[in-house]
Amino acid sequence: MKYWRKPLDQDHLKTQHYQVDLITDRCKGCGLCIEFCPRHVLAESAEFNRKGYHPIYAVNDDCLNCGLCELMCPEFAIRIVQREGAPARE
Ligand code: SF4
Ligand code: SF4
């Protein structure tokens, strides 16, 4: 996202409060979550899971807890969890 001005608190504001928790063997590698993640957090792994699919993994710590990946996943394989010390989820 491109801002028309830089937020005053951008340099000291921590936004990395969430992380992706995947049930690896449920993932069927459909890529829906990768396609719709607005922060480009997710990617396809080179590993195989027990079903023989390439599960996803998080490539960065930029998750904002928008919840899209949880909603999109047809296998209910993704859960977004708070990092330790993060503010309560709304
Ligand atoms: S909750 Fe949103 S930002 Fe975080 S990984 Fe899922 S789609 Fe991406
Ligand atoms: S949407 Fe679900 S099943 Fe599809 S790649 Fe993402 S985690 Fe795997």
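The values are calculated or read from the model by the stated rules, or taken from the named source; none is laboratory data. Bear in mind that the values here come from a model prediction, so they are computed numbers and not experimental data. So basically every Cβ, Gly included, is an ideal-geometry build from the backbone, and we count neighbours across all protein chains shown.
Which condition number does HIS54 fail, the rest of (1) assigned to a loop (DSSP other than H, G, I, E, B); (2) at pLDDT below 95 being met?
(2)
Condition check: more than 12 Å from ligand 2 (Cβ to nearest atom), free of Cβ contacts under 8 Å to residues at least 40 places away in the same chain and touching a Pro at 6+ places or on another chain (Cβ under 9 Å). Does GLU47 satisfy that?
Yes; evaluated as a whole, the condition is true for this residue.
Do the conditions hold for CYS27, that is, is it modelled with pLDDT of 95 or more, within 15 Å of ligand 1 (Cβ to nearest atom) and out of contact with any Gly (no Cβ under 6 Å at 6 or more places or on another chain)?
Yes; evaluated as a whole, the condition is true for this residue.
How many residues does segment 8-21 contain that are surrounded by 16 or more Cβ atoms within 10 Å (Cβ to Cβ) and either over 11 Å from the mean Cα position of the chain (by Cα) or away from ligand 1 (no atom under 11 Å from the Cβ) (or both)?
1
I'd like to check something: does segment 22-36 contain any residue that is away from ligand 2 (no atom under 13 Å from the Cβ), surrounded by fewer than 16 Cβ atoms within 10 Å (Cβ to Cβ) and touching a residue at least 12 places away in the same chain (Cβ under 8 Å)?
no
If I filter segment 58-68 for residues that are free of Cβ contacts under 8 Å to residues at least 12 places away in the same chain, assigned to a helix (DSSP H, G or I) and either within 13 Å of ligand 1 (Cβ to nearest atom) or surrounded by 17 or more Cβ atoms within 10 Å (Cβ to Cβ) (or both), do I get at least one hit?
no
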